[in-house]
Amino acid sequence: MNSAKILIVDDEKAILQMIEFVLRKEGFENIYTAGNAEEGMRLLHEYSADIILLDVMLPDRTGFDLGPQIRSNSDAHLIYLTARTTDLDRLTGFAVGGDDYVTKPFNPLEIAARIKARLRRGVVETAVQSVVAPNVDPRQRYDFGGFVMDERAGELLVGGRSTPCPAQAYQLLLFLCRNPNIVFSKAQLYESVWGYDGLGDDNTVMVHVRKIRERIEPDPSCPRYLLTIRGLGYKLVKGEKE
């Protein structure tokens, strides 16, 4: 059985029951459910969830309202659940701290697959960090001139200053730093960073590319580090020397 703690917050009882039923069949035991924002936050503080499934339209507060509050206290993987499907809604979800965005109606098995993929990725990262030869540290500093990714410190430095970076954007930038001057399609980036294939969409990668550019680029509208390769994807290069 999987020991990950999963919090589901949705005011539709049928959805809560459906997701919980499927997740338990898939081997998850520690599942907590709430029908409103207040109860959801209480359970989060009490149980420190690893995964949060959060409805956007709740009776007391919106899931978007809760995003920054959750992020200030938790590193849990936050997946928004909503019937709102516009690009603006998706962008808002990512902007307020969401890691993923699932639109209703959805197949609960898709939710289970996303959760398993995220947890599997976390296990792999932990294993890689632990199986290291003595006195050898695989974590490095990637210096691109205008910015530095210090993997050992888990820090992004822009112009020599520590710059906050959302978790998924950080992981995407770290992946690109480890693989400079290589063009990756959106699908390849999605699979490499989010950990599952065929379940995401272009918007997820595009939003996080935008977040990265807002932090590392002198002019995000005219990038010189994280480049768009028309028809192919993105690649990270060292900018021209000033």
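Just so you know, all these numbers are worked out from the coordinates, no wet-lab data involved. Computed from a predicted model, the values in this text were never measured in an experiment. When we count neighbours, we look across all protein chains shown, and the Cβ atoms used for this are built from the backbone with ideal geometry, even at glycine.
With the alpha-carbon atoms of segment 141-236 aligned to their principal axes, the span from lowest to highest coordinate is 37, 27, 20 Å, starting with the largest.
Within segment 2-128, the ratio Rg/Rh, alpha carbon atoms throughout and Rh by Kirkwood, equals 0.93. Using the alpha-carbon positions of segment 1-68, Rg (one decimal) and Dmax (whole number) come out as 11.5, 34 Å.
Starting with the highest mean, order 169-176, 46-53, 59-66, 158-165 by the number of other Cβ atoms within 10 Å, averaged over the residues of each peptide. Please list the in-between numbers first.
Working: 169-176: 21.8, 46-53: 20.0, 59-66: 17.2, 158-165: 12.0.
Packing proxy ranking, top to bottom: 169-176, 46-53, 59-66, 158-165.
Global size of the chain: 18.7, 59 Å for Rg and Dmax (C-alpha atoms, Rg to one decimal, Dmax whole).
Which helices of the chain meet both criteria: a Cα extent of 24 Å or more along the helical axis and a mean Kyte-Doolittle score no lower than 1.6, with helices taken as whole DSSP H segments? Walk me through the numbers on the way to the answer.
Details: long enough: 108-130 (33 Å, 0.02).
Correct list, ordered by number: empty.
Name the lysines eligible as straight-distance cross-link partners of Lys186: C-alpha to C-alpha under 17 Å, and not fewer than 8 places from it in the same chain. Once the sequence-local lysines are set aside, what remains near Lys186 is Lys211, Lys235. The ranking of Met41, Met149 by Cβ neighbour count inside 10 Å, starting from the fewest, reads Met41, Met149.
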